[in-house]
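Visitor: Next up is a structure, given as structure tokens.
The values are calculated or read from the model by the stated rules, or taken from the named source; none is laboratory data. Worth saying up front: this structure is predicted, and the values here are computed from it rather than measured. Quick reminder, even Gly has a Cβ in these numbers, built from the backbone with ideal geometry, and neighbours come from all protein chains shown.
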Amino acid sequence: MGEFESSPLGRVTVYSIQGCPHCVQAKATLRQLEVPVCDIDIGSHSELRAKLKELTGCSTVPQIFFNNVHVGGNDDLQKLAPEELQRLVKLVKEELLPADTPPLPEKNPSEDGAGENDEFRCERDELADLVKDLKHGGVIGSHRRGLALYKKSFTGNQLVDWLQKEKGMAGDVACNTCQALLQKMYMVSVHRCGQKDGSFVEGMDTLFRLLEDDPHSALNAGQTAACSPLQAAALSLLLREMILKLFSEHLSADGKSVDYKGMSLNPAFEHYCELAIQLQRVELLSLSREEKLAFFINIYNALVIHGYLRLGAPTNMWQRYRFFNYVSYLIGGEVFTLQDIENGILRGNRKGVAQLRRPFSKTDPRLQVALPDAEPLIHFALNCGAKGCPPIKTYTPQDIDSQLRTAAEAFLENDDGCVVDSGKGEVRLSQIFKWYKADFGGTDEKLLKWVLEHMGESPKKTSLQGILSAGKTKVSFLPYDWSSNSYR
């Protein structure tokens, strides 16, 4: 199935996106038909998104054309009557391309070396070698404070003495170096992770640990992030694209399941893990709203897959609760679980499903990173790994609001997200709208208004407008498919 190789006669044009199971299934079906297929990745050709909507009236992928005949999505392809399918195949194989066949992009950015320059290149940080020597310098040990014993710790005085004796630093240079180690998050106070803004001189008797020795269960902890920190947005894009590519490579041929075991054994996954370590020291406080949205959505979606690979997919309600409250990354000197990212950061520190309190207390340093208010559109971008979740995508700060609106529109187009029954005057919505009803206004009336405003122009939207104008509308919620998409 060559990219953009047009046959002398007709072709099937497929608009798809990397990591989309429905796209994989559609292309597998088309391969069996032995027709020439041109696969256009909308993720690589975002400029075509508006054109696709214009051509099809849809925001979802895949969208499939036999020459200039728009078939629709994967479900539409699978439901074609055999005689109609044969007619379309004959059309492609025997007739010349009509002038109004969807045009092809001039070049696929994923080919011709594009993207190679985006690979991570580690520039070793100037303090990394110092930290390496410190680990073997006899300074780190156990210290008691009252009844508590702090392993793998050292005092500020011990560190200054070591720098003076072993590294030949003057007293003021040694103190400045210790301050730099705090600010760059190579070390933290044992009592307050990430105490990088305080003065080191004021805490000479304070106990510190190297960040990698701080006790937590983050999946990217336990090693020093020795590279000069990348910008957060750039790092999240690299991580997301890397694990999305891995995910795509291990989707089954029919697009219905993922071989997580094979994925974990892929050498590219180890490279991903090495890159994830660099999240430890990224700067978060200076991020704009748009950068925070893109960064944390991408990291959340990558972390879900990383959690599946390391811990396995949760199979019941209790395991899901533990998974989303346990699976975490160390980011900018602080630990963020999946719940922390979703409810603490992206929902403006609101209580999540089955949570009794807000994720962050008033004194929690992570609160400084949280969005001021909940952003309801994030619910259509976060992918929890279950079959009922929105499709996987990668987000960029430059176009984040447009991308999120597109994700919401695509979600509402799908009958897994919204069903409008004009006969019964009923709207059936995904459980997401029930769980997070407060984010969409808090009442059925406001919820339906929000849904209407975020629908693309379509017969479904027209039907919804009709039953809303007719009077009281019944709202119910569709069953949510929590089943794992893993196999083997």
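Visitor: Just the residues that are in a loop (DSSP other than H, G, I, E, B) and touching a helix residue (DSSP H, G or I) at 6+ places or on another chain (Cβ under 6 Å), please, taken from the range 223-265.
Guide: So in the range 223-265, the residues in a loop (DSSP other than H, G, I, E, B) come out as 223-226, 228-231, 250, 252-257, 259.
Selection gives Gln223, Thr224, Ala225, Ala226, Pro229, His250, Ala253, Asp254, Gly255.
Visitor: Return the residues of the range 150-186 that are more than 38 Å from the chain's Cα centre (by Cα) and among the aliphatic types (A, V, I, L, M); say none if nothing qualifies. Steps first, answer last, please.
Guide: Of the residues in the range 150-186, the ones more than 38 Å from the chain's Cα centre (by Cα) are 155-175.
Result: Leu159, Val160, Leu163, Met169, Ala170, Val173, Ala174.
Visitor: Does the range 323-341 include one or more residues that are touching a helix residue (DSSP H, G or I) at 6+ places or on another chain (Cβ under 6 Å), assigned to a helix (DSSP H, G or I) and closer than 12 Å to Val369 by Cα?
Guide: Yes - at least one qualifying residue is present in the range 323-341.
Visitor: Would you mind finding the one in Gly57, Gly43, Gly19 that is modelled with pLDDT under 90 and crowded, with 23+ Cβ neighbours inside 10 Å?
Guide: Numbers: Gly57 fails: crowded, with 23+ Cβ neighbours inside 10 Å; Gly43 fails: crowded, with 23+ Cβ neighbours inside 10 Å.
After ruling out the rest, the residue left standing is Gly19.
Visitor: Sticking with this one: Take Gly471 and tell me if it is closer than 20 Å to Gly57 by Cα and outside the structural domain of Leu244 (by TED's automatic domain parsing). I'd like the intermediate steps shown before the answer.
Guide: Numbers: closer than 20 Å to Gly57 by Cα: no; outside the structural domain of Leu244 (by TED's automatic domain parsing): yes.
No: the conditions fail for Gly471.
Visitor: Name the residues in the range 33-78 that are within 17 Å of Leu412 (Cα to Cα), assigned to a loop (DSSP other than H, G, I, E, B) and in contact with a Phe, Trp or Tyr (Cβ under 8 Å, 6 or more places away or on another chain), would you?
Guide: Val61, Pro62
Visitor: Okay, next question. Filter the range 417-453 down to the residues that are under 22 Å from Lys393 (Cα atoms) and surrounded by fewer than 16 Cβ atoms within 10 Å (Cβ to Cβ) and list them by number.
Guide: The one that is under 22 Å from Lys393 (Cα atoms) and surrounded by fewer than 16 Cβ atoms within 10 Å (Cβ to Cβ): Gln431.
Visitor: Additional query: I need every pair where a residue in the range 138-162 that is among the hydroxyl-bearing types (Ser, Thr, Tyr) has its Cβ under 8 Å from the Cβ of a residue that is modelled with pLDDT under 95 and assigned to a loop (DSSP other than H, G, I, E, B), sequence separation at least 6 or different chains.
Guide: Qualifying pairs under 8 Å: Tyr150/Val190; Ser153/Val190; Thr155/Met204; Thr155/Asp205; Thr155/Thr206.
Visitor: I've got another one for you. Is it the case that the range 429-441 has a residue that's outside any helix (DSSP H, G or I) and in contact with a strand residue (DSSP E or B) (Cβ under 8 Å, 6 or more places away or on another chain)? I'd like the intermediate steps shown before the answer.
Guide: Here is the first cut: in the range 429-441, the ones outside any helix (DSSP H, G or I) are 429-430, 436, 441.
Then drop every residue that is not in contact with a strand residue (DSSP E or B) (Cβ under 8 Å, 6 or more places away or on another chain), which leaves 429-430.
Among the residues of the range 429-441, at least one is outside any helix (DSSP H, G or I) and in contact with a strand residue (DSSP E or B) (Cβ under 8 Å, 6 or more places away or on another chain), which makes the answer yes.
Visitor: Answer yes or no as to whether Asp415 is of a type in the set (D, E, K, R), at negative phi and at pLDDT 90 or above.
Guide: Working: of a type in the set (D, E, K, R): yes; at negative phi: yes; at pLDDT 90 or above: no.
So Asp415 fails the test.
Visitor: Follow-up. Where residues in the range 394-417 are of a type in the set (D, E, K, R) and in contact with a helix residue (DSSP H, G or I) (Cβ under 8 Å, 6 or more places away or on another chain), which of them is farthest from Ser476 (Cα to Cα)?
Guide: From the range 394-417, those of a type in the set (D, E, K, R) are 399, 401, 405, 409, 413, 415-416; that's our starting set.
Of the ones still in play, those that are also in contact with a helix residue (DSSP H, G or I) (Cβ under 8 Å, 6 or more places away or on another chain) are 399, 401, 405, 413.
Numbers: Asp399: 33, Asp401: 28, Arg405: 23, Glu413: 17 Å.
My answer is Asp399.
Visitor: Can you pull out every residue in the range 306-320 that is surrounded by fewer than 19 Cβ atoms within 10 Å (Cβ to Cβ) and under 19 Å from Lys245 (Cα atoms)? Before the answer, list the steps.
Guide: Narrowing the range 306-320 to residues surrounded by fewer than 19 Cβ atoms within 10 Å (Cβ to Cβ): 310-312, 315-320.
Selection gives Arg310 alone.
Visitor: Quick check: anything in the range 274-292 assigned to a helix (DSSP H, G or I), of a type in the set (Val, Ile, Thr) and within 23 Å of Phe120 (Cα to Cα)? It would help to see each step written out before you state the result.
Guide: Step one: list which residues in the range 274-292 are assigned to a helix (DSSP H, G or I), which gives 274-281, 289-292.
In the following step, the residues that additionally are of a type in the set (Val, Ile, Thr) were identified as 277.
Remaining after also requiring within 23 Å of Phe120 (Cα to Cα): 277.
Yes, the conditions are met somewhere in the range 274-292.
Visitor: Oh, and also: Could you grab the pairs with beta carbons closer than 7 Å, sequence gap of 6+ or different chains, first residue in the range 322-344 and at negative phi and in the same structural domain as Ser189 (by TED's automatic domain parsing), second one of a type in the set (Ser, Thr, Tyr) and buried (at least 22 other Cβ atoms within 10 Å of the Cβ)?
Guide: The qualifying pairs do not exist here.
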